[in-house]
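Taking it in order: structure first as structure tokens, then the write-up.
The values are calculated or read from the model by the stated rules, or taken from the named source; none is laboratory data. Quick caveat, the model's predicted, so the values are computed rather than measured. Cβ placement follows ideal geometry from the backbone for every residue including glycine, while neighbour counts extend to all protein chains displayed. Accessible surface areas use protein heavy atoms only, side chains included; no ligands, DNA or RNA. Shrake-Rupley method; radii C 1.70, N 1.55, O 1.52, S 1.80 Å.
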Amino acid sequence: MGGGKIVGILIFVVVVVSAAGGGGGENHQQQQQKWWKWMSSTSAAVVNPVVSSSIVLPLYGNVYPLGYYYVQLNIGQPSRPFFLDPDTGSDLTWLQCDAPCVRCTTAPHPFYKPNNDLVPCKDPLCASLHPAGYKCESPEQCDYQVDYADGGSSLGVLLNDVFHFNMTSGARMIPRLSLGCGYDQLPGQSYHPLDGVLGLGRGKTSIVSQLHSKGVVQNVVGHCLSGRGGGFLFFGDEVYDSSRIVWTPMAHDRMKHYSAGSGELIFGGKGTGLKNLFVVFDSGSSFSYLNAHTYEGFISLLKKELNGKPLRETKDDYTLPLCWKGRRPFKTINDVKKYFKQFALSFGNGWKSKAHFEIPPESYLIISSKGSVCLGVLNGTEAGLQNVNLIGDISMQDKMVIYDNEKQAIGWTSANCDRPPKSSNMIM
């Protein structure tokens, strides 16, 4: 993208639906798999069989210069590949769809061709997208509209189709899941030229929620984003050793988002007095965001630390709002990270000890195409996030981040994200 200004994608979603639906299609599960019974975390009265396996998918892309990560999913019969934006900040998965398409954006593959397996209006999945008390205008179908904080949107209809997955056990699964056929897209300011969005949020329409309800995997999703580009995405809990993960409870009063609740900003290992920060983890955002008050405090600490260092603020690099030049152009973060301190977000939610999400310089800085070092933490209030503080892709690099909807906890640990686990079983 050269020196052009980059704005991280803000898939921070408010979903509005104008007629509801879901359902249809039984899961085509391979009978030879080992099953066991377990009590559903959502209802102790329900016993679901869940296969003892996970799904691991490679990720492509980077924070800079591309500006996003993406995953390939194979959907339909016959199976066709699509590149999707993996987004923990929203629930609905949708594809640009030839229904025909009223307004669609440039995409890497031909638009998805819809089938006739529509999700009806009264299906619980459709109801989950719609405010209480909605009225079905078209009982036979579920119309949806998804609006994103960056101004982008998708309008379409919900339908069912098969998704093709290779499990870590070696089995192949082709569950029938609900997705949006998006026939009217408006690109936001952080538009990415992809086939659609992979919704990984906490709602019923989320892919991981649907896979869990069909007994394919535990209701756990995670990702490992490499700072060198690429990485992997996973569904299920077999990819990591839980005892080696730093865990903190999910905030129960923020049911729509993956939030660790109230956090405190730590700078250079010391408290800053910037507390009670509502923090959300959002893989759909390229960069991280702090609310205006916290951002101003953070910038003040950063600039104080840079006093006397061989860096000067530059106004002729528009890659990001705040960039610095050195005596000569920087080539890598290693050239400059010694001048910057690590910061962290600390969460204390009544568990044994505080959980620190540490963010070293390489997880909040980029080297621009002009050789400047630029700050990948932005003013969230200016970006329309109001008081929300958002941990985006840049700050989750080289960590495995896990959203465990069974235990209602978020976890993380430093990891080598270059090599997906059990890669021999994956669809490449």
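Values for this structure:
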| item | result |
| --- | --- |
| Within the range 309-366, strands (runs of 3 or more DSSP E) holding 3 or more residues that are open to solvent by less than 80 Å² (accessible area, probe 1.4 Å) | 323-325, 343-347, 355-359 |
| Single residue of the range 367-387 satisfying the filter (assigned to a strand (DSSP E or B) and touching a helix residue (DSSP H, G or I) at 6+ places or on another chain (Cβ under 9 Å)) that is nearest to residue 292 (Cα to Cα) | 379 |
| Qualifying strands (runs of 3 or more DSSP E) (wholly inside the range 129-208; at least 3 residues being of a type in the set (Gly, Ala, Ser) and open to solvent by less than 30 Å² (accessible area, probe 1.4 Å)) | 153-166, 176-186 |
| Residues satisfying the stated conditions in the range 209-219, i.e. out of contact with any Leu (no Cβ under 7 Å at 6 or more places or on another chain) and part of a loop (DSSP other than H, G, I, E, B) | 214, 215, 216, 218, 219 |
| Residue that is most open to solvent (accessible area, probe 1.4 Å) [pool: residues in the range 79-117 that are in a loop (DSSP other than H, G, I, E, B) and of a type in the set (A, V, I, L, M)] | 102 |
